[in-house]
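Enquirer: This structure is in structure tokens; I'll ask about it shortly.
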Amino acid sequence: MELPRIILVGNNVLEKLGEFINRVCDGKRILIVTDSKLKELYGKRVEETLKINDMILFWEIIINADFENVKKVKNKINEEKIDLIIGMGGGTCIDVAKLSAYETKRLFVSMPTNAAHDGIASPFASIKDSGRPYSIVSSSPSGVLADIEIISSAPERYFRSGCGDLIAKITAVKDWQLARDEKGEYYGEYSASLALLSADVVIRNSGKIGSKPKEKIRDVVEALISAGVAAGIAGSSRPCSGSEHLFSHALDVIAPGKGLHGEKCGIGTILMAKLHNLDWERIKIALENIGAPTRIRDIGVSRDEAIKALLLAPRIRERYTILHKMNLSKDDALKLIIDTGVD
Ligand SMILES: [Zn+2]
């Protein structure tokens, strides 16, 4: 198992970054991987806290989570003899920093600036190659620093999307159980329960999340970190990612740029819950309460694109799920979309 050693969640903890790094490592050469907007917003505050702690700070601005940007960051790490890499931002910055640190055997700290996905504390990096997403095994971050004040200032849409990524654990775990029962795959009761717990927190609080999101951000951030830890315990993304993620990844290919990761996973969870004979209406109502999209049209995806994605999804990854078992036809896919009202 690989788990983060130190996790700091709270208001205005950015000012404690220097001390935080001191607890993670002895090294003083720090590289922050981020985008230009975030550097402009938080760069000064970061510089000050690192300066007080006698650290030398380097920046690398990235645009996409692809292998080209990973290569750029790895070059910088080697050239500047970096001791620790911080991914500051959303999924793109965290994933590139995470994989670059892993491949150069350096320490990594995750510093999310939004709560849109569960990659914050997981040992996996999602990197795109020729438009296709790849989940690559890396290491869990040594530390996670989540400043709730900063995360609260991100657009609410990100936070609602993160809730979709958490609700997705319901079908992810169900797919994992299916693979255990029908294919004899290893199944971890503890990590599965932990992932389900994070989905449960969101479902039970969906009303409050929708009406008073600011009050619930901390709970959602902790649930996202906890889901990443569940993947670390399982040593696999199984507890966090199943057929609903395959649907989301298929949409990345068929309708690129439409909808956020967690939004697509949320809609995917409604569809896959129906295939699993679960209470899919409860999931749909929870997403509605949260204010997350429950229909493909909400994210600009057409019926035709959704059908294509459902048919492509099982081919995205061989790992056994309900989609591999059902082997949907075009008509089945259409019926599923209509029956669940995600049209
Ligand atoms: Zn996800």
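The values are calculated or read from the model by the stated rules, or taken from the named source; none is laboratory data. This one's a predicted model, so the numbers in the text were calculated from it and none came from an experiment. Cβ: placed from backbone, ideal geometry, glycine included. Neighbour counts: every protein chain shown.
Enquirer: Please go through segment 23-41 and give me each residue that is outside any strand (DSSP E or B) and within 22 Å of the chain's Cα centre (by Cα), ordered by number.
Expert: If the condition is that a residue be outside any strand (DSSP E or B) and within 22 Å of the chain's Cα centre (by Cα), then ASP35, SER36, LYS37, LEU38, LYS39 are the ones that fit.
Enquirer: Let me ask something else. Give segment 48-67 a look and list any residue that's in a helix (DSSP H, G or I) and either within 27 Å of the chain's Cα centre (by Cα) or of a type in the set (A, V, I, L, M, F, W, C) (or both), or say none.
Expert: So the first thing to find is which residues in segment 48-67 are in a helix (DSSP H, G or I), and the list is 48-52, 67.
Passing the criteria: LEU50, ILE52, PHE67.
Enquirer: Could you tell me which numbered condition ASP129 fails, if it satisfies all but one of (1) over 24 Å from THR294 (Cα atoms); (2) at pLDDT 95 or above?
Expert: Among (1) over 24 Å from THR294 (Cα atoms); (2) at pLDDT 95 or above, ASP129 violates only (2).
Enquirer: A further question follows. Quick check on my filter: what residues within segment 247-259 are crowded, with 23+ Cβ neighbours inside 10 Å, more than 18 Å from ALA199 (Cα to Cα) and touching a Gly at 6+ places or on another chain (Cβ under 8 Å)?
Expert: Kept after step one, since they are crowded, with 23+ Cβ neighbours inside 10 Å, are these residues of segment 247-259: 247-251.
Next, from what is left, pick out any that are more than 18 Å from ALA199 (Cα to Cα): 247, 249-251.
Once the filter is applied, which keeps residues that are crowded, with 23+ Cβ neighbours inside 10 Å, more than 18 Å from ALA199 (Cα to Cα) and touching a Gly at 6+ places or on another chain (Cβ under 8 Å), segment 247-259 yields PHE247, LEU251.
Enquirer: Another question, then. Taking segment 171-225 as the region of interest, how many residues are under 20 Å from LEU323 (Cα atoms) and surrounded by 19 or more Cβ atoms within 10 Å (Cβ to Cβ)?
Expert: The qualifying residues number 9.
Enquirer: On to the next question. For segment 132-165, give me the residue count where each residue is outside any strand (DSSP E or B), free of Cβ contacts under 8 Å to residues at least 24 places away in the same chain and within 14 Å of the ligand (Cβ to nearest atom).
Expert: Total meeting the criteria: 0.
Enquirer: Also, quick follow-up: For the list (1) under 30 Å from SER140 (Cα atoms); (2) part of a loop (DSSP other than H, G, I, E, B), I need the number of the one condition that VAL301 fails.
Expert: Of (1) under 30 Å from SER140 (Cα atoms); (2) part of a loop (DSSP other than H, G, I, E, B), only one is false for VAL301: (1).
Conditions tested, residue by residue: (1) farther than 15 Å from ASP147 by Cα; (2) surrounded by fewer than 17 Cβ atoms within 10 Å (Cβ to Cβ); (3) in contact with a Gly (Cβ under 7 Å, 6 or more places away or on another chain).
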position	(1), (2), (3)
MET1	yes, yes, yes
LEU14	no, no, no
PHE20	no, no, yes
ARG23	yes, yes, no
LYS28	yes, yes, no
VAL33	yes, no, yes
LYS37	yes, yes, no
GLY43	no, yes, no
ASN53	yes, yes, yes
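Enquirer: If you don't mind, there's one more thing I want to ask. Within the bounds of segment 123-131, is there any residue that is within 14 Å of the ligand (Cβ to nearest atom), under 18 Å from GLY232 (Cβ atoms) and not in a strand (DSSP E or B)?
Expert: Checked against the condition, which is being within 14 Å of the ligand (Cβ to nearest atom), under 18 Å from GLY232 (Cβ atoms) and not in a strand (DSSP E or B), segment 123-131 yields at least one hit.
Enquirer: Restricted to segment 271-319, and to residues that are in contact with a Leu (Cβ under 9 Å, 6 or more places away or on another chain) and closer than 19 Å to LEU196 by Cα, which residue is surrounded by the most Cβ atoms within 10 Å (Cβ to Cβ)?
Expert: In this case the residue turns out to be MET272.
Enquirer: Out of the residues in segment 230-245 that are part of a helix (DSSP H, G or I) and away from the ligand (no atom under 11 Å from the Cβ), state the one that is surrounded by the fewest Cβ atoms within 10 Å (Cβ to Cβ).
Expert: My answer is ILE233.
Enquirer: Mind telling me which of the residues LYS183, LYS174, LYS208 ends up being away from the ligand (no atom under 13 Å from the Cβ) and under 18 Å from CYS163 (Cβ atoms)?
Expert: So the residue among LYS183, LYS174, LYS208 that is away from the ligand (no atom under 13 Å from the Cβ) and under 18 Å from CYS163 (Cβ atoms) is LYS208.
Enquirer: Away from the ligand (no atom under 16 Å from the Cβ) and in contact with a Phe, Trp or Tyr (Cβ under 7 Å, 6 or more places away or on another chain): is that true of ILE217 in this structure?
Expert: yes
Condition check ((1) within 11 Å of the ligand (Cβ to nearest atom); (2) not in a helix (DSSP H, G or I)) across all residues:
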residue: ALA250; (1), (2): no, no
residue: VAL253; (1), (2): no, no
residue: PRO256; (1), (2): no, yes
residue: GLY259; (1), (2): no, yes
residue: LYS264; (1), (2): yes, no
residue: LYS274; (1), (2): no, no
residue: LEU278; (1), (2): no, yes
residue: ARG282; (1), (2): no, no
residue: ASN289; (1), (2): no, no
